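Report on the following structure.
The values are calculated or read from the model by the stated rules, or taken from the named source; none is laboratory data. These numbers were taken from a predicted model, which means no experiment stands behind them. Here the Cβ positions follow ideal geometry from the backbone for every residue, glycine too, while neighbour counts run over all protein chains shown. All accessible areas refer to the heavy atoms of the entire protein, side chains included, with ligands and DNA or RNA removed. Shrake-Rupley method; radii C 1.70, N 1.55, O 1.52, S 1.80 Å.
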Amino acid sequence: MQPPPLKDDCFAMPPGVDWTPVDTALVQLRDRLHAVTPVETVALAAAGGRILAQDVSANRSSPPYANSAVDGYGLAHAGLPNGEICTLPLAQGRAAAGGPLEGKLPDGHAVRILTGARLPEAVDTVVLEEDCSVEADRIAFRSGLRQGANTRKAGEDVAKGAVVLARGRRLQPQDLALLASVGVAEVPVCRRLRVAVLSTGDEVLDIAAGPAKDAQIYDANRPMLLHVLQRWGYDAVDLGHVQDDPAMVEDAFRNGAAQADAIITSGGASAGDEDHVSAVLKAKGGLQNWRIAMKPGRPLALALWDGVPVFGLPGNPVAALVCTLIFARPALGVLAGAGWLAPQGFSVPAAFGKSKKAGRREYLRARIRDGRAEVYHSEGSGRISGLSWAEGLVELGDGAQDVGQGDLVTFYPYGAFGL
Ligand code: AMP
Ligand code: MG
């Protein structure tokens, strides 16, 4: 089953908007995009990192039968003798995990039972082996055992038929354990989103095609973006690098749209003379130039090329990564079937001071040391080393703000963006 195409005007900004606030841009992406991947079924062993296409419910209760939580002795609580010390004769046999004891426990007896063993008929309580003295064919222990002690009830974790994981969930290692425990052998998942990455710019050179001449720089964005996409569980398609040449840019878009569900470009996204990504998208892709009130970032070129969404990022690696984390991640999440992915940040005291003006949101390269957020010494958006120094981003809101040492600021670890 193929989902419907995206609407032509999905990236249209309301008229009159000049500098678009980050939240306005995010709401627009959230509301106008939808999942574009078809559904397929995969075996549990191959499902890690995949996105559930439907809610999944338990085929079986967990645990499937009442069993012992410890090594000890099983007994019927109602039949325990009165007195400070309980002494019980031991019944024949032993209940072990995978080696159930058939038949009913005789009244007034206890039976050897091991962790994970199904409770034999009439056993509802287990006394811990360390709490017993054992002699020949009987055990003795202090009274006060609670009914049901040291047992696990059938279905106490999950009842058969209950929804265990919801549609849109990207399956984590622990989810595979949960699904296996409730008897789910295969799951409906979204086909992996395919995302193509293109670098542009006359000065940019593929690191594998070096050495660079004077006036050339190595392509830093493409290896970074391809790996970000892999980390998010998508199929990353490498479209390579093209010069600032409209015909080459167009060819790359055609090639990308034929292979991928979305295209991410970096460089040439502004409205300058050599900004050919913008120019080509404007001529043939219904370009929407979003001027985002955000630092780093600003120009974001959005378009549909043959129905395939294009995210044109700025060329500066710092801006390219921040825009990818803030805009591309949730947008790709929607396209991939995972739904809108809002990062969860937390408040920490600042280990820095800064005064910022109103009218734009700022993201600072940051890390936590001794419970406080430090920021990188330079805000220059060409300073790639700051991205590696950092372990996340501090977000400063749209309004004017004077941050003093110890004031609370919002910190998003890279992990909040799925890295
Ligand atoms: P642009 O967005 O094309 O105006 O580029 C902004 C800055 O980013 C310029 O200094 C470019 O040289 C640089 N830049 C563009 N693409 C890349 C890239 N793939 N890797 C590293 N730097 C880049
Ligand atoms: Mg350029």
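Brief remarks follow.
- A straight line joining the Cα centroids of the range 18-78 and the range 359-398 runs 33 Å.
- Loop-located trypsin sites (Lys or Arg not before Pro) in the range 1-65 (DSSP state other than H, G, I, E, B) with a sparse environment of at most 15 neighbouring Cβ atoms within 10 Å: Lys7, Arg60.
- Surface listing: Arg222, Arg383 arranged by accessible area from highest to lowest gives Arg383, Arg222, probe 1.4 Å.
- Net charge, Gly404 excluded, C-beta distance under 14 Å - Lys, Arg +1, Asp, Glu -1: +1
- The chain: DSSP helices with Cα axial extent of at least 30 Å and average Kyte-Doolittle hydropathy no lower than 1.6: none
- Helices in the chain, meaning DSSP H runs of at least 4 residues, each add -39500 (n - 2.57). Divided by all residues, the mean residue ellipticity at 222 nm is -5000 deg cm²/dmol.
- Annotation: amide H-H contacts under 5 Å for Gly268 (H modelled 1.01 Å from N, sequence separation of 5 or more, or interchain): Gly315.
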